[in-house]
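A.B. asks: A single structure is presented below for examination.
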Amino acid sequence: MVVRKIVTLVEEIHLEGGRPVAPAARIAVVAAVVRNPWAGQGFVDDLGPGIDANASDLGELLAPQVLDALGAPAEAFGKAAIVGLDGEIEHGSALIHTLKFGDHFRKAAGATTLLPAVEKRGPAGVVFDIPLKHITDATLRSHHQTVEVRIADAPHPDELVIALAAAAQGRPQQRLAPLSTEQ
Amino acid sequence: MSPPATAARVGTEPGRDTADATPEPGSARTPGRVAARVRKTVLYCEDILTENGTGPALPARQAVVAAVIENPWLGTGPARDLAPEVEVIAPVLAKALTDRLIDALGGVDAIEAFGKAAIVGTAGEIEHGGALIHTPWFGNLMRDFLQGESIICFADVRGDAGETLVVPMWHKTAAATRSHYQTISARVSDAPRAGEIVVLAAASTGPRPHARIGDRKTDPTVSAENLERDPSW
């Protein structure tokens, strides 16, 4: 796996709706810009070997870094695969929609749910939103949130951006009634 | 990286007093949240592992930190003296932003290059952004906190939320060091609102990935006069 660069983004929200958020709401993203392992090979029927060769390594690379950047226990998480223009969405999906990738994050964060995801193809500098949900209860409304990311020079046409996101809390000023009140 | 600081407000208290003090981590007097009403901060870092297929001989980490604040001069006219707010707000921002850079880049000694920037929301003047980054209340303090000697290079722009700004950096003690001319792209997805200013500080721990365009010491003498004498031109 050829990693060109690692990007780390940490957002802290101190005010929302004009009111203080204390402690500050914190979200972290760590993204790896990698060469698409199927670049230049035409239509590859069996993505299995490429998944086996890369997905676990990526999960192992990103999971500890995103938790370190967050600097607090993760309560919500999500993932992203952004495919350069010459690749297939399927290439990005292949690397993140496998337990080989996500289990590293789940294990490190004490999580039990599946990671919500964004898969998208675009040019370098494309803006993408990573959805996050609670790490043990995907129905918990307070923790449904997104974080927006842009890497100025990635992905190149033959690259993928693979990212993990973690939040230390739900939305700032979250105050929606729980799902159970409507059931 | 440091845990989040708490408490988000402003005040009427003089910022200079608070900027001089060493605050308790996470206290309400944490710089950046006393004199300036900071809505959010964003830290963005890049580590280049390979460039053009090869790892850099001197790997560098770049970082840019943004603080989103209310524009304190909204509704004031073009003759308004900006100094009173600058003296209160800019030192606190300089301290808060450089603290984050030092933390993200592994200590002040690791930092080799720096730059600064402002993105002014559409209800403000570029002059408002300039006021916060171009006076000694920000620039001298940023230079001192990062142990630099050079003038700090900059960019500023007025724009809508999500505006991308390329922040230039150069060497913190020898600005003409060509290997350290570099930039980082900065953007806050939902800022600045029309009445906000994004103030940014950037730094890098090394040169460009494969810097190889010489330096003043190695350059031949190139001038327009010499060029015109060259028959092959």
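A.B. asks: Yes or no: A:Arg175 surrounded by 19 or more Cβ atoms within 10 Å (Cβ to Cβ) and farther than 27 Å from A:Lys100 by Cβ?
C.D. replies: no
A.B. asks: Also: Exactly one of these conditions fails for A:Lys100: (1) away from chain B (no Cβ under 14 Å); (2) in a helix (DSSP H, G or I); (3) under 21 Å from A:Val7 (Cβ atoms); (4) of a type in the set (D, E, K, R). Give me its number.
C.D. replies: (3)
A.B. asks: Please tell me if A:Ile6 is within 14 Å of chain B (Cβ to nearest Cβ) and under 27 Å from B:Glu51 (Cβ atoms).
C.D. replies: Spelling it out, A:Ile6 is indeed within 14 Å of chain B (Cβ to nearest Cβ) and under 27 Å from B:Glu51 (Cβ atoms).
A.B. asks: Still on this model: Could you check, for segment B:145-153, whether at least one of its residues is within 15 Å of B:Gly115 (Cβ to Cβ), within 19 Å of the chain's Cα centre (by Cα), in a helix (DSSP H, G or I) and away from chain A (no Cβ under 14 Å)?
C.D. replies: Within segment B:145-153, one or more residues are within 15 Å of B:Gly115 (Cβ to Cβ), within 19 Å of the chain's Cα centre (by Cα), in a helix (DSSP H, G or I) and away from chain A (no Cβ under 14 Å).
A.B. asks: Follow-up. If I ask for residues that are at the interface with chain A (Cβ under 9 Å from one of its Cβ atoms) and in a loop (DSSP other than H, G, I, E, B), which ones from segment B:41-72 would you list?
C.D. replies: Answer for segment B:41-72, where residues must be at the interface with chain A (Cβ under 9 Å from one of its Cβ atoms) and in a loop (DSSP other than H, G, I, E, B): B:Leu49, B:Thr50, B:Gly53.
A.B. asks: If you take the residues of segment B:71-124 that are in contact with a Pro (Cβ under 7 Å, 6 or more places away or on another chain) and closer than 17 Å to B:Asp156 by Cα, which of them is surrounded by the fewest Cβ atoms within 10 Å (Cβ to Cβ)?
C.D. replies: If we take residues in segment B:71-124 being in contact with a Pro (Cβ under 7 Å, 6 or more places away or on another chain) and closer than 17 Å to B:Asp156 by Cα, then B:Gly121 is surrounded by the fewest Cβ atoms within 10 Å (Cβ to Cβ).
A.B. asks: Let me ask another. Could you check B:Pro168 against (1) surrounded by fewer than 18 Cβ atoms within 10 Å (Cβ to Cβ); (2) in contact with a Cys (Cβ under 8 Å, 6 or more places away or on another chain) and say which number it fails?
C.D. replies: (1)
Here's the yes/no breakdown for (1) of a type in the set (D, E, K, R); (2) modelled with pLDDT of 95 or more; (3) more than 29 Å from B:Asp190 (Cβ to Cβ); (4) in a strand (DSSP E or B):
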{"site": "A:Ile6", "(1), (2), (3), (4)": "no, yes, no, yes"}
{"site": "A:Glu11", "(1), (2), (3), (4)": "yes, yes, no, yes"}
{"site": "A:Arg26", "(1), (2), (3), (4)": "yes, yes, no, yes"}
{"site": "A:Val66", "(1), (2), (3), (4)": "no, yes, no, no"}
{"site": "A:Phe105", "(1), (2), (3), (4)": "no, yes, no, no"}
{"site": "A:Thr112", "(1), (2), (3), (4)": "no, yes, yes, no"}
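The values are calculated or read from the model by the stated rules, or taken from the named source; none is laboratory data. In this text, all values refer to a predicted model and were calculated from it rather than measured experimentally. Every residue, glycine among them, receives a Cβ derived from its backbone with ideal geometry; neighbour counts consider all protein chains shown.
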